[in-house]
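Input: a single structure, listed below in structure tokens.
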């Protein structure tokens with residue numbers, strides 16, 4: 001078999017279009033494309049031309065001769081898919097549908113709230129239309145959402161999706177408004193009256209609680225908080241995560257991809273993480289960690305686990321390379337009969353090495369309460385059957401750290417309807433009402449992969465275009481670039497918004513600091529420091545050009561606007577020199 005897909009799909013679909021014999025499935029328009037964990041190369045149809053590997057934006061497709069030992073399982077996975085789904089009706093060449101065009105072209109301005117994958121994919125779809133310009137608003141000074149702050153630092157290959165987003169940023173009509181908190185700096189109503197349409201893609205801001213006694217104790221926190229902490233998210237840098245005081249065992253409640261990520265990071269050799277973009281203070285804590293074992297609890301059987309096959313294969317590769325023990329406890333319910341079961345059976349047959357750290361995948365075990373007085377000292381669990389029904393048998397698992405990883409939850413957006421049960425905004429194909437739309441987790445709930453957001457956003461944008469064609473979206477009431485436009489409104493309120501060039505300055509500085517210490521990047525984790533780096537790159541006098549959308553924007557005017565001086569963004573007590581402030585922030 002010449003070429004193999006080796007990880008979850010980014011849904012860019014460039015490989016499908018590039019393949020001259022249409023041997024990559026499921027393709028756009030085929031059942032399963034929007035929900036498949038990954039794409040598959042048909043070994044009988046592949047002609048070994050390499051077009052797919054060249055087209056793949058995240059380097060996920062490789063010739064079989066270039067596979068590492070930890071990737072050989074993908075040979076069987078790719079071939080096995082076509083044993084079940086042979087696609088006998090495939091045509092010789094992938095069909096690319098014609099690009100849609102607006103029926104009544106007029107200048108259209110769209111605000112996208114949220115600069116994560118869903119928001120950026122929505123911007124990409126919108127900017128295929130020359131009449132449309134897009135402003136992407138984000139409350140943080142940096143974009144990319146969970147790709148930057150959610151993907152584990154040892155999965156740098158997955159973070160290559162940022163290359164796709166960087167290409168979107170260069171499109172005509174694109175503009176960032178970073179550091180702008182919609183709801184605090186500008187209301188939803190004020191935004192709506194300045195744009196033809198608003199697409200909300202703010203993601204999931206909170207996590208689900210266990211609702212158990214003792215959950216409030218120190219030593220109990222969410223996986224969301226821990227992931228944000230070790231990934232350098234500014235909101236999560238003040239968590240007191242002392243891994244030297246947790247004891248030798250940690251417990252993760254939940255068995256999705258995030259749970260496996262957390263277990264893997266907590267048991268990874270710190271020297272492996274040193275070269276990644278893990279946050280500095282988090283790396284120091286991980287290097288001094290007392291944790292030797294992480295138990296991943298699932299209430300139901302292994303067949304019901306929520307993690308994907310690629311994520312499980314990544315964990316198995318560490319065990320098979322002799323870097324980690326993975327112990328499987330099926331709770332007496334068996335492992336199932338799918339591909340994941342085969343991997344689990346292989347792991348269960350391995351003899352643990354007592355010198356290595358260990359991840360225990362324990363199924364049919366549900367938490368009952370957290371024990372301890374001043375901090376967590378244990379977790380009481382009850383045995384369950386395959387369908388999570390309690391059996392009455394319970395035990396206490398000694399641990400000083402309990403992490404809940406049972407799903408994210410979106411928070412209501414003021415002015416939008418909200419379904420408390422599903423944690424989503426009710427919609428019809430992404431349309432809330434004409435002029436107001438949703439994409440990403442706010443639309444569908446916390447599910448899917450990075451690539452799922454592409455098809456999700458495409459559906460939303462199609463609804464927006466339908467409304468424009470039907471005349472249901474009137475022009476904005478306020479000229480976005482006039483004296484009452486958003487830039488003037490934010491400036492009057494003292495909000496310093498950052499644009500694409502500011503983000504590039506931050507990105508370059510993080511990479512520079514990282515290169516100096518042999519790392520991919522050294523993330524700046526404090527908002528004040530991020531702002532200072534951006535403003536210093538503009539010029540020491542604090543003046544910067546305020547722009548309309550994009551580099552090649554239509555009829556763009558340039559004006560000089562007084563920005564807040566760089567020193568004003570520095571909090572009291574921070575050093576006056578660049579090196580002092582940089583050292584303080586980078587060490588986090």
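The values are calculated or read from the model by the stated rules, or taken from the named source; none is laboratory data. Keep in mind that this is a model prediction, so the values were computed, not measured. Cβ atoms come from the backbone with ideal geometry, glycine included; neighbour counts cover every protein chain shown.
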Q) Any residue in the stretch 392-404 that is assigned by TED's automatic domain parsing to the domain that holds residue 213, closer than 30 Å to residue 333 by Cα and in contact with a helix residue (DSSP H, G or I) (Cβ under 8 Å, 6 or more places away or on another chain)? A) yes
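Would a scan of the stretch 109-119 turn up a residue that is within 20 Å of residue 486 (Cα to Cα) and assigned to a helix (DSSP H, G or I)?
yes
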Q.
Residue under question is residue 442, and the condition is that it be in contact with a strand residue (DSSP E or B) (Cβ under 7 Å, 6 or more places away or on another chain) and part of a helix (DSSP H, G or I); does it hold?
A. yes
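Residue by residue through the stretch 401-416, note down the ones that are part of a strand (DSSP E or B) and more than 20 Å from the chain's Cα centre (by Cα).
401, 402
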(Q) Which count do you get for residues in the stretch 16-69 that are crowded, with 16+ Cβ neighbours inside 10 Å and either outside any loop (DSSP other than H, G, I, E, B) or in the same structural domain as residue 452 (by TED's automatic domain parsing) (or both)? (A) 14
Q | Filter result (farther than 8 Å from residue 325 by Cα, in contact (Cβ under 8 Å) with a residue 12 or more places away in the chain and either in a loop (DSSP other than H, G, I, E, B) or not assigned by TED's automatic domain parsing to the domain that holds residue 306 (or both)) within the stretch 340-358 | A | 350
Q. Given the residues 296, 278, which is the only one that is within 29 Å of residue 239 (Cα to Cα) and assigned to a strand (DSSP E or B)?
A. 296
(Q) Return the residues of the stretch 265-276 that are in contact with a helix residue (DSSP H, G or I) (Cβ under 7 Å, 6 or more places away or on another chain), in contact (Cβ under 8 Å) with a residue 40 or more places away in the chain and surrounded by fewer than 21 Cβ atoms within 10 Å (Cβ to Cβ); say none if nothing qualifies. (A) 273, 274
Q) If residue 101 passes every condition in (1) part of a loop (DSSP other than H, G, I, E, B); (2) touching a strand residue (DSSP E or B) at 6+ places or on another chain (Cβ under 9 Å); (3) farther than 18 Å from residue 453 by Cβ; (4) at pLDDT 80 or above but one, which one does it miss? A) (2)
Q: With respect to residue 157, determine if the residue is crowded, with 16+ Cβ neighbours inside 10 Å and more than 16 Å from residue 454 (Cα to Cα).
A: no
